[in-house]
Amino acid sequence: LVIRTLLRFIPSSKRSGAREFIHLAEERIGGYIRGQGLLCLIIGAAALVAYTLIGLPFAVVLAVIAGLTEMIPVVGPFLGAAPAVLVALSEDPAKVPWVLGAIVLIQLLENAWLVPHVMKNSIGVNPIIIILSLLAFGSVFGFLGALLGLPSAAMIPLLVDRALASTNTTDQPLPPTEDD
């Protein structure tokens, strides 16, 4: 309903292209959400394995927290690690370095390999572009930039393709669709 209403403000000759753009944008954003969910599951599973091997009590709960906080950009991994470190500190302070090492290893693997590959498969953007967009948007816009970095990396190529396609085509009207 909202999309149909918005499409009414677009000239009828451009509605078909706008519909196609909206469809592609929905696919990319859906892919981003699926990718984030997969990352949360993988990080939670990796944390569960690490915490179990270290012998932390409440490993399942701590892994769920690590997986859920993975959705929060920049500070999420720290928020997810804090309960595990506190539990290790209260249980056996000798386990703290092991917990910190496991957390650092998981984050290094995630940032260097997992995020680029999962997001490339989810939103179809080159891993180098993903890393650069996260760095650029996070540096320029802070927390909000880090939050919107990946979705922006997914949308910018669509916008560029649309802009290039519109400059390369003639201004002949498209045939009307049944929604027109």
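The values are calculated or read from the model by the stated rules, or taken from the named source; none is laboratory data. Keep in mind the model is a prediction, meaning the values are calculated, not measured. Cβ placement follows ideal geometry from the backbone for every residue including glycine, while neighbour counts extend to all protein chains displayed. Side chains are part of the model used for accessible areas, which takes the heavy atoms of the whole protein and leaves out ligands, DNA and RNA. Shrake-Rupley method; radii C 1.70, N 1.55, O 1.52, S 1.80 Å.
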I'd like the full set of residues that are free of Cβ contacts under 8 Å to residues at least 40 places away in the same chain and within 16 Å of MET71 (Cβ to Cβ), limited to the stretch 23-35. GLY30, ILE33
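Given ILE33, ILE123, which one is within 30 Å of SER152 (Cβ to Cβ), of a type in the set (A, V, I, L, M, F, W, C), modelled with pLDDT under 95 and surrounded by 15 or more Cβ atoms within 10 Å (Cβ to Cβ)?
ILE123
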Looking for something open to solvent by 30 Å² or more (accessible area, probe 1.4 Å), farther than 22 Å from GLY67 by Cα and part of a helix (DSSP H, G or I) - is there at least one such residue anywhere in the stretch 95-112? no
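Take the residues of the stretch 130-140 that are touching a helix residue (DSSP H, G or I) at 6+ places or on another chain (Cβ under 9 Å) and open to solvent by 80 Å² or more (accessible area, probe 1.4 Å): which is nearest to ILE156 (Cα to Cα)? So that I can check it myself, show each step before the final result.
Of all residues in the stretch 130-140, those touching a helix residue (DSSP H, G or I) at 6+ places or on another chain (Cβ under 9 Å) come to 130-139.
Retained after the next criterion (residues that are open to solvent by 80 Å² or more (accessible area, probe 1.4 Å)): 132, 135, 139.
Values: LEU132: 13, LEU135: 15, SER139: 18 Å.
Here the residue is LEU132.
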Go through ARG28, ARG19 for me and flag whichever is at pLDDT below 85 and either over 19 Å from the mean Cα position of the chain (by Cα) or at positive phi (or both). ARG19
The listed residue being assigned to a helix (DSSP H, G or I) and open to solvent by 80 Å² or more (accessible area, probe 1.4 Å), out of VAL61, VAL85: VAL61
Result of the Cβ filter at 7 Å on the stretch 42-54, keeping first residues that are open to solvent by 50 Å² or more (accessible area, probe 1.4 Å) and partners that are of a type outside the set (Lys, Arg), at least 6 apart or interchain, is ILE42/LEU114; LEU48/ALA59; LEU48/VAL60; LEU48/ALA63; THR52/ALA59
